[in-house]
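First the structure, in the form of structure tokens, and then the observations on it.
The values are calculated or read from the model by the stated rules, or taken from the named source; none is laboratory data. Since the model is a prediction, treat every value here as computed from it, not as a measurement. All Cβ positions, glycine included, derive from the backbone under ideal geometry; neighbour counts span all protein chains shown. Surface accessibility is based on the protein's heavy atoms, side chains included, excluding ligands, DNA and RNA. Shrake-Rupley method; radii C 1.70, N 1.55, O 1.52, S 1.80 Å.
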Amino acid sequence: MLRGRLWEGIKLYEEESIGSSLMKEYMLKELKNGRRIDGRAFHEIRRVEIRPGSYTKSCGEAWLSLGGTKVLVGVSADIGEPFPDTPEKGVMVSNVELLPLASPSFEPGPPDENSIELARIVDRALRSSKYVDLDRLAIAPGKLVYLLFLDMYVLDHKGNLADALTLATVVALARSKIPKVSLSSDGTPIVMDEQIPVPVSDPVINFTFVRIGDYILLDPSLEEEIASDAMITMAIDGQGRVCSIQLRRGFFRDVEIKKMYEIAREKRKELMSSLEGVLKVGQETT
Amino acid sequence: MLYVEKKPEKLIDENGLRTDGRRPREMRPIKMEVGVLDRADGSALVEWGGNRILAAIFGPREVHPKHMALPDRALVRVRYNMAPFSTPERRKPGPDRRSIELSKVIRNALEQAIFVEKYPGAAIDIFVEVLRSDAGTRVAGITAASLALAEAGIAMKGLVAACSIGKIGDVIVVDPGHDEDMWGDADMPIAVMFEDRLITLLQMDGPMDESQFSEALSLGMSCCELIYELQKEALRRPFVFVERKVVGGDQTV
């Protein structure tokens, strides 16, 4: 029953098995020697490859691979009414699709708790860091605003979807353009030919850690995710502040959480220096 | 559209008091009662500020559907649900994205405390119903569900106590109320299994720098400790009467 699905899938909760406990033993042995099974250092991020969409039907796209985890994020826009409790802000809607082609344990159907959690992790990071300036997405405050839809597609699940999706979304938004809308004298919207960039600020980056035994590892691979005792994701903004946290599985001690925050802050600086090029379009707007 | 929330002018006034008159490190009044439902295996009612939360446990019991059963441990399921009348504006009944996510993190927070290996093949169903909501429903829900688990006699490593920490401007406040939840700058719910000081739920929303974060984290631990003491008191209370009869009972009867 377990054989085919042993190593796959985010449904860790149902899928722990004898196989994963053997794998965990092996991992712990290697970690004791200061090695991860793929040869990385404990706080080393896998290779990131980004292909921002150059020709897109939507407002913007980004394809990203994080050590083989492949995701594609599309940004679409529309105009409509704001939410009644935020009449002066644009609307942003996030959705994650765990496509059945990404893992044998993903099934078609309405979003499950994992896909909802992932979408909310990305959404919270963007919102609490104010990455997208929603105030500037209001056209006629209280009446008409831009609606931004962030559709995140998981194409190949090899661990750490949260970080891959967040980074891809940040890049896609930085490079997105939306049609300019002005208002006629009687208040009806006129859609112009001119395209304007989505107003974004300093990128927010999510960092996912797992704990295996007493070892804290950054950017877990799928095997590490499955063998892990606990998993947490935290978002760091341009000022090194922590913007959102989600303890996703297991437990951590308070000293471990403070330590991970420190590591994440350092790693953000490191990552940003290599990202400047891809984020260029967005940088020009701020 | 009948109920539009109005933002208060200031969340903290010139005397350093919050909109409901509390000081930054003052919690709202909390009331806990265990064993409030007859049919459930364990239950608890928690009133925390304006929150009114009912938790019930069914199990360990047979798993339905059967294929969900785990051969080596109990299946823990959580349903967090808000009543349509728990907020001024009616909520659509049934689970939304928020409550599905909360059910998941609450399940993790409580599962860490249960000896799941003791009940292979069984289900432990935890229901958290928010009857009236006033900010901090997830932490009040965890506090209630943990009491209900204990009352159901489920083998546990410890009680899980939970509390929220907020930020208004640069001030870290404990147990944010409704206004602070709506318009505050950050919110950090935390749940702790106190016997070993293990954090089993941690979420955060809104930026904090390093010193604010470590202040919030240590305040969160202290608040949970306070809740933990109350939980122990609430669990003991139904038995106080019995205890008195045995120890100080009238010898002449």
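Observations
- Given A:Lys29/B:Lys118; A:Lys89/B:Lys7; A:Lys143/B:Lys10; A:Lys32/A:Lys70, the pairs whose alpha carbons are separated by over 23 Å: A:Lys29/B:Lys118; A:Lys143/B:Lys10; A:Lys32/A:Lys70
- Rg to Rh, two decimals, where the range A:20-285 supplies the alpha carbon set and Rh follows Kirkwood: 1.01
- Prolate/oblate/rounded label for the protein assembly as shown (Cα gyration tensor, a/c 1.5): oblate
- The amide H of A:Leu144, built 1.01 Å from its N in the peptide plane, has A:Ile139 as neighbours under 5 Å, considering only residues 5 or more places off or on other chains.
- Taking Cβ separations below 4.7 Å as the criterion for a possible disulfide partner, the isolated cysteines in chain B are B:Cys224.
- Considering only A:Gly34, A:Tyr215, A:Leu150, and ranking their Cα positions along the charge dipole of the range A:20-285 that arises from unit charges at the beta-carbon of Lys, Arg, Asp and Glu, the one farthest toward the positive end is A:Gly34.
- Share of pairwise Cα-Cα distances greater than 11 Å in the range A:161-207 is 71 percent (whole percent).
- Inter-site label distance for A:Ala140 and A:Thr86 at 7 Å from Cα along Cβ, in nm: 2.2 nm
- Counting all C-alpha pairs of the range A:172-237, share separated by more than 20 Å (%): 58 percent
- Residue with peak Gaussian network fluctuation, chain B [Cα springs, cutoff 10 Å], from B:Arg77, B:Arg52, B:Arg23: B:Arg23
- What separates the Cα centres of the range A:96-137 and the range B:107-160 is a distance of 27 Å.
- Sorting B:His178, B:His67 on solvent-accessible area from highest to lowest, probe radius 1.4 Å, gives B:His67, B:His178.
- Bridging of B:Lys232 to lysines at a Cα separation below 21 Å is possible for B:Lys31, B:Lys157, B:Lys245, once same-chain residues fewer than 8 apart are set aside.
- Beta-bridge orientation, the protein assembly as shown: approximately 85 percent antiparallel, per DSSP, counting only bridges with both partners inside.
- Applying 1/(1 + (r/R0)^6) with r as the Cβ-Cβ distance of B:Arg25 and B:His67 and R0 = 51 angstrom yields a FRET efficiency of 0.55.
- Nearest-0.05 FRET efficiency for A:Leu22 and B:Arg90, computed from C-beta distance (R0 45 Å): 0.30
- Gap separating the Cα centres of the range B:11-58 and the range A:181-253, nearest whole Å: 31 Å
- Loop-resident sites, the range A:221-276, for GluC sites (Glu not before Pro), counting at most 13 other Cβ within 10 Å (DSSP): A:Glu276
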